[in-house]
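Working notes, structure below.
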Amino acid sequence: MSIVLIKYHLRAGIEGTISQGVRQFDLRRTRYFGLAKTHLQHVATACAINLMRFFNWSNYLTKARTRITALASLRTESALI
């Protein structure tokens, strides 16, 4: 694998976590003024995400399937031919 693909895969994992924080825990806005309180909120949100993922894992809940783009579906169809 090239270095670009490795960096992309790492970034994709981080983007998923940030997206989860924004959607479920309102990470885009802070409740507090000041860097220390905002940092504490972000740490608490990270702990909440980790706990939620742990409980989902321990209850054998599956992750949501991502959609297959039109370009990716063409790639898989051409591989079958």
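The values are calculated or read from the model by the stated rules, or taken from the named source; none is laboratory data. The shown structure was predicted, so the numbers you read here are calculated from the model rather than taken from an experiment. For neighbour counting, all protein chains shown are included, and Cβ atoms are generated from backbone atoms with ideal geometry for every residue, glycine included.
What to note about this one:
- Look at (1) within 17 Å of Thr66 (Cα to Cα); (2) modelled with pLDDT of 85 or more and you find that Arg28 fails only one, number (1).
- The helices (runs of 4 or more DSSP H) found entirely in the chain include none that carry 3 or more residues being polar (S, T, N, Q) and touching a His at 6+ places or on another chain (Cβ under 7 Å).
- Ala36 of a type in the set (A, V, I, L, M), at pLDDT 85 or above and exposed (fewer than 10 other Cβ atoms within 10 Å of the Cβ): yes
- Considering (1) surrounded by 10 or more Cβ atoms within 10 Å (Cβ to Cβ); (2) under 13 Å from the mean Cα position of the chain (by Cα); (3) not aromatic (Phe, Trp, Tyr), the lone condition that Lys7 does not fulfil carries the number (2).
- Here Ser73, Ser58 are screened, and the one residue that is of a type in the set (Gly, Ala, Ser) and either on the phi > 0 side of the Ramachandran plot or within 20 Å of the chain's Cα centre (by Cα) (or both) is Ser58.
- Qualifying positions in segment 39-71 - of a type in the set (Lys, Arg) and surrounded by fewer than 12 Cβ atoms within 10 Å (Cβ to Cβ): Lys63, Arg65, Arg67
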